[in-house]
């Protein structure tokens, strides 16, 4: 077995989600090395735990993945990594993740345990139940954001948590929306839960969530008077968030013509962050502005 196939089984491209661990230290403008060290260890732990979940999910979905044009190329579905090898790797990663958590704040251990249980129930049951499947996906993002703050002993603004929660719901809805479009186009419903949704229903969910997320982010950016960001200068980042939401929604729309093959553009949120140039520019501008505000005004 090639080491490259073994690494691909861990789905490293999806580790970008775990960068949310650094959001609390970043937006609190912490310059404490211990805080960043704790966040870094938490990031490594989350990569281990989330990779173990990916392995279990791929094992459970091995048959449906083989019928999917993209997922059939995954290491387990393609047969390059055996079931036995995947199980051994799962146990190793799970042990490594919890070993890291045991050496951090006890609350991080609770977060890791909660994440594991929620994701296991998702793999076994919740991914087949409408609405619960979306909330399970978004909960993973929220727990990542909380863990970085707890590991460093930081106080986290409720507006910040609400912003992350609703942004995560938005990404989860976009994921299901993209999968539903692909299923309707091909006639292959690899996820049973997709039969309970419609594009119009998911669009309604999307409108509510995006509006609420933008409002809560604006409240957080308003500064310490509203128990938000360390400085009200963070309001300068609000336009980037709005443009980012618009761009993501623009990408999520199906682009079809006689010469193009139908493709899923938002099935995996991390693909947008890694591949879309405009989204990259928005994120860079947002982070740069945040750093400038933190250096001069916080």
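The values are calculated or read from the model by the stated rules, or taken from the named source; none is laboratory data. None of these values were measured; they are calculated from a predicted model. Cβ sites come from the backbone with ideal geometry, for glycine too, and all protein chains shown count toward neighbours.
Some values worked out for this structure:
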read-out	value
Residue match in the range 81-89 (condition: in contact (Cβ under 8 Å) with a residue 12 or more places away in the chain, surrounded by fewer than 19 Cβ atoms within 10 Å (Cβ to Cβ), out of contact with any helix residue (DSSP H, G or I) (no Cβ under 8 Å at 6 or more places or on another chain) and not assigned by TED's automatic domain parsing to the domain that holds residue 195)	yes
Members of the range 1-39 that are surrounded by fewer than 16 Cβ atoms within 10 Å (Cβ to Cβ) and modelled with pLDDT of 90 or more	33, 34, 37
Failed item in (1) assigned to a helix (DSSP H, G or I); (2) in contact with a helix residue (DSSP H, G or I) (Cβ under 9 Å, 6 or more places away or on another chain), with residue 77 passing the rest	(1)
Flag for residue 120 being surrounded by fewer than 20 Cβ atoms within 10 Å (Cβ to Cβ), in contact (Cβ under 8 Å) with a residue 24 or more places away in the chain and under 20 Å from residue 14 (Cα atoms)	yes
Subset of the range 200-209 (residues that are over 15 Å from residue 245 (Cα atoms) and surrounded by 14 or more Cβ atoms within 10 Å (Cβ to Cβ))	201, 202
Residues that are under 18 Å from the mean Cα position of the chain (by Cα) and more than 20 Å from residue 287 (Cα to Cα), drawn from the range 17-40	none
Top-ranked residue in the range 186-199 [being touching a residue at least 60 places away in the same chain (Cβ under 8 Å) and either touching a strand residue (DSSP E or B) at 6+ places or on another chain (Cβ under 8 Å) or more than 15 Å from residue 67 (Cα to Cα) (or both); ranked as surrounded by the fewest Cβ atoms within 10 Å (Cβ to Cβ)]	196
Test: residue 220 is closer than 15 Å to residue 161 by Cα and crowded, with 19+ Cβ neighbours inside 10 Å	yes
Failed item, numbered, when residue 152 is tested on (1) surrounded by 21 or more Cβ atoms within 10 Å (Cβ to Cβ); (2) more than 20 Å from the chain's Cα centre (by Cα); (3) modelled with pLDDT of 85 or more; (4) farther than 20 Å from residue 115 by Cβ	(4)
Residue check, residue 129 surrounded by fewer than 18 Cβ atoms within 10 Å (Cβ to Cβ) and closer than 23 Å to residue 204 by Cβ	yes
